[in-house]
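Quick notes on the structure that follows.
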Amino acid sequence: MVDERFVYSCRKHFNLFKAMRIIGKRTPSSRLWLQRQQKDLYVLRAKADGYRSRAVFKLMEIDDRFNFIKNAEFMVDLGAAPGSWSQLLSERSGENAKIAAIDLLDFSAISGVKIFRGDFEDKNNQREIMAYLGQKADLVTSDAAPSTSGHAATDHIRQMNLAKEAYLFSQYALKEGGSFIAKIFQSGEEAEFLRNLKKNFESAKFFKPQSSRSMSAEIYVVATRFKRCS
Ligand SMILES: C[S@@+](CC[C@H](N)C(=O)[O-])C[C@H]1O[C@@H](n2cnc3c(N)ncnc32)[C@H](O)[C@@H]1O
């Protein structure tokens, strides 16, 4: 699956990384440069493997660790455009899987995935998704992210609000025993968010994929074995 151009590009970048280490230049701009190269490696790899976004490697790492896609049949992907998470959900699940993906933005068709255009917080959209699935879901994923304002504190609040809405949706959509994955930002609120998740899930953990840039405040919550609060 990986072509020669990709292998060549990786070698080239690896040699550049080595050179930077040997020279020992770790000025702020060289660190930024290194980060951009690392990002590019994931971009190149996504392209070489036919994925629409480097974001796929985050879900891949999460699933390699927690292994829930294989056993999931009914799935919802929130904030799904351009669609690499949905591609992976479709690839790693069985042929009877039913996957609903929703985004504010348009994105092109993915085999085995029903695409909804709109706001996942809208109750009508939520009802349409559940009507399509025909039953409660095994897995809800949310990589939803707001468009950035450039003001870190505002962006963090918006990201946490989206994650809270995704959590609310998961309580409506999941069957007992189901799983939930969502992107959050480390903003001081994450410990409380995790405590709340533990009211509805037997296990809830943070997970920082290697493919998520280390300088980014982004982190994922992985919650398993959904239970309804009495
Ligand atoms: C980081 S991208 C998702 C990338 C995707 N996981 C992939 O692998 O291709 C975040 C997406 O969240 C979407 N989004 C943000 N708020 C949303 C909302 N309330 N409803 C639906 N989509 C939303 C944005 O439009 C954007 O496309």
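Computed from backbone phi, the HN-Hα couplings of the range 51-60 come to 9, 7, 7, 5, 4, 4, 5, 5, 5, 4 Hz, rounded to whole numbers (Karplus: 6.51 cos²θ - 1.76 cosθ + 1.60, θ = phi - 60°; Gly and Pro given as x).
Here's how it looks for Phe116: its modeled amide H is under 5 Å from those of Ala101, Ile102, Asp103, which are all 5 or more places away or on a different chain.
Label the range 56-226 by shape, choosing from rounded, prolate and oblate, from the square roots a ≥ b ≥ c of the eigenvalues of the Cα gyration tensor; if a/c is under 1.5 it is rounded, and otherwise prolate applies when a/b is larger than b/c, oblate when it is not. Display every interim value, and only then the final one.
Values: a/c = 1.39, a/b = 1.27, b/c = 1.09.
It is rounded, given that a/c, with a ≥ b ≥ c, falls under 1.5.
With a Förster radius of 35 Å applied to the beta-carbon distance between Lys114 and Thr148, the computed FRET efficiency rounds to 0.75.
Secondary structure note: in the range 56-226, about 40% of the DSSP beta bridges are antiparallel. Counting charges near Ile184 (Lys, Arg +1; Asp, Glu -1) among other residues having Cβ under 14 Å from its Cβ returns a value of 0. Counting only protein heavy atoms and a 1.4 Å probe, the range 93-230 has 50 square angstrom of accessible area per residue. Near Lys227, the amide H atoms lying under 5 Å from its own belong to Gly177, Phe201, Glu202; only residues 5 or more places off or on other chains count, and H is placed 1.01 Å from N. At the residue level, Glu121 shows approximately 70 square angstrom of accessible surface with a 1.4 angstrom probe and all protein chains present. Subtracting the Cα-Cα distance of Lys136 and Asn96 from 0.36 nm times their residue separation leaves 12.9 nm of extension gain. Both radii come from the Cα set of the range 139-230: Rg as radius of gyration, Rh as Kirkwood radius; their ratio Rg/Rh reads 0.97.
The values are calculated or read from the model by the stated rules, or taken from the named source; none is laboratory data. All of these numbers come straight from a predicted model, not from anything done at the bench. Positions of Cβ are generated from backbone atoms using ideal geometry, with glycine treated the same way; all protein chains shown enter the neighbour counts. Just so you know, the surface numbers come from the protein's heavy atoms only, side chains and all, with ligands and any DNA or RNA stripped out. Shrake-Rupley method; radii C 1.70, N 1.55, O 1.52, S 1.80 Å.
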